[in-house]
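Visitor: The structure that follows is given in the form of structure tokens.
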Amino acid sequence: MAEQATAHNERREQGHVPALIAIGVIASLLGIALGLLIDWFPTAASEESGPIDTLWDVLVIVSVPVFVLVTTTVLYCVWRFRMRPGEEDLDGPPTHGNTRLEIIWTAIPAFLLVALCSYAYVVLTDIEEASADPALEVRAVGEQFTWTFHYRNPEGGQDVSSAQLYVPRGRQVHFTVQSKDVLHDFFVPAWRMKIDAVRGVDTELRVTPTRLGEYPVVCAELCGLGHAAMRQTAHVVEPQEFEAWLQERVQLAAGGGPAEGEEGEQGGAADGKAVFEAQGCGGCHALADAGTTGGVGPDLDEALADADEAFIRESIVDPSAEIEEGFQDGVMPKSYEQSLSPTELDGLVQYLAEVTK
Ligand code: CUA
């Protein structure tokens, strides 16, 4: 009797299989279509974006059916084998191993994993290959909570540094990524490339920007209170424009403020508003004149209302000296004295004193 009932149940169970397969196929196709139609990423702006986006599409195509298979099976079993009233004390039929099934469900995922990993490995080694032409060397240094970019001085002097990332279009850039303190992660989503910045270790990343424009540089590793504010801009410009910009940075670094004997001459201070904007100060600070509303740090219109230039200068180069009530020490980088040239710092101080009066 019992055996007959089991055989009968099994036949009924098998009757559901075609319907389940049909549901699975339709759900997989819908899932894949949705996965491919949705624009997951920002505009692709580098040579590397193409292969990365294709890799993503392949992952979607392969993993959606797996997801659908698992979910359909689980949902079906939850519905089909649910407990009915009066069955509270019953135990299910004893289940024995099924060797064939176990081999299949081990072999298929293993094969899929090895195949996808090999494909991803090939794509990654391929896009990280050094270009035939010499790459532009840029050192990206992360610290709580900013990036500073160092360029080799074409005239052979000291490296040139900038809080803004400028790169020419169409030339490979070789980034050496470093950290001064904790773990950060250098990430330009439009380029699809990211790498951890680890203190004491140089990590590398190669990218060839192909599209002009401005793209966010972000930190992709939770690194403390100001993590969300650790955002800057990558400017992709034409090669001539890049050369001109680098020249200007070299001169700023070399000029370093009014030279002795030239005091009083105008040109001693850079355009403070431009410095404020270029450094991304507004990402953290509200300032009416610059139209910024950042709330990570103090509102400058309020905090600097009665401040003199000496106080403003100290607040920029040594932000720990005096902490505004309600804010914490250690969020604002302490490196502006190094990363800004003296003329930029003068300009910024004068500008802030002027507009917050
Ligand atoms: Cu640096 Cu997050």
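Visitor: Under a GNM of the chain (C-alpha, springs under 10 Å), which listed residue has the highest mean-square fluctuation: HIS285, HIS235, HIS16?
Guide: HIS16
Visitor: Between the alpha-carbon centers of region 62-86 and region 154-190, tell me the distance in whole angstrom.
Guide: Their Cα centres are 50 Å away from one another.
Visitor: Let me ask something additional. Quick one: which residues, 5 or more positions from ARG199 or on another chain, have an amide H under 5 Å from its amide H? H modelled 1.01 Å from N in the peptide plane, none for Pro or chain starts.
Guide: SER179
Visitor: Let me check against my output: what whole-number percent is the relative contact order of the chain, with C-alpha pairs under 8 Å and at least 6 apart?
Guide: Computed over the chain, the figure is 14 percent.
Visitor: Per residue, how many Å² of accessible area does the chain show with a 1.4 Å probe?
Guide: On a per-residue basis, 60 Å².
Visitor: Taking amide H positions as placed in the peptide plane 1.01 Å from N, state which residues far from VAL173 in sequence (5 or more) or on other chains have amide H under 5 Å from it.
Guide: LEU136, VAL207, THR208
Visitor: Ok, one more. Around GLU47, with a cut-off of 14 angstrom between Cβ atoms, what is the net charge of the other residues, counting Lys and Arg +1 and Asp and Glu -1?
Guide: -1
Visitor: From the mean inverse distance of alpha carbon pairs (Kirkwood) and the Cα radius of gyration, derive Rg over Rh for the chain.
Guide: Answer for the chain: 1.18.
Visitor: Need one number: nm distance between label points at ASP306 and GLN158, each 7 Å from Cα along Cα→Cβ, rounded to one decimal.
Guide: Using points 7 Å along Cα→Cβ, the separation is 3.8 nm.
Visitor: When the chain is modelled as a GNM with alpha-carbon springs shorter than 10 Å, which of GLN240, GLN144, GLN172 fluctuates the most?
Guide: In the Gaussian network model the winner is GLN240.
Visitor: Moving on. Non-local amide H neighbours of SER161 (under 5 Å, H modeled in plane, Pro and chain starts lacking H): which ones?
Guide: Here TYR151 satisfy the definition.
Visitor: In debye, nearest 20: dipole of the chain around its Cα centre with unit charges on the Cβ of K, R (+) and D, E (-)?
Guide: 2380
Visitor: Using each residue's phi in region 294-303, evaluate 6.51 cos²θ - 1.76 cosθ + 1.60 at θ = phi - 60° and report the 3J(HN,Hα) Karplus result to the nearest Hz, with x for Gly and Pro.
Guide: In residue order, the calculated couplings are x, x, 6, x, x, 5, 6, 4, 7, 5 Hz.
Visitor: Turning to a different aspect of this structure: Can you give the local net charge around VAL349? Use residues other than it whose beta-carbon is closer than 9 angstrom to its beta-carbon, Lys and Arg +1, Asp and Glu -1.
Guide: So the environment of VAL349 carries a net charge of -1.
Visitor: With all protein chains present, how much of the accessible area of the chain (probe radius 1.4 Å) comes from carbon and sulfur, to the nearest whole percent?
Guide: Accessible surface attributable to carbon and sulfur in the chain totals 58 percent.
Visitor: Within the chain, which whole H helices from DSSP have a Cα span along their axis of at least 15 Å and a mean Kyte-Doolittle hydropathy of -1.0 or more, if any?
Guide: Span-like helices, by this rule, are 2-37, 49-80, 99-127, 239-255, 342-355.
The values are calculated or read from the model by the stated rules, or taken from the named source; none is laboratory data. Nothing here was measured: the structure is a model prediction, and the numbers come from that model. Reconstructed Cβ throughout: ideal geometry from the backbone, glycine too, with neighbour counts over all protein chains shown. To get the accessible areas, we keep the full protein, side chains included, count just its heavy atoms, and leave off ligands, DNA and RNA. Shrake-Rupley method; radii C 1.70, N 1.55, O 1.52, S 1.80 Å.
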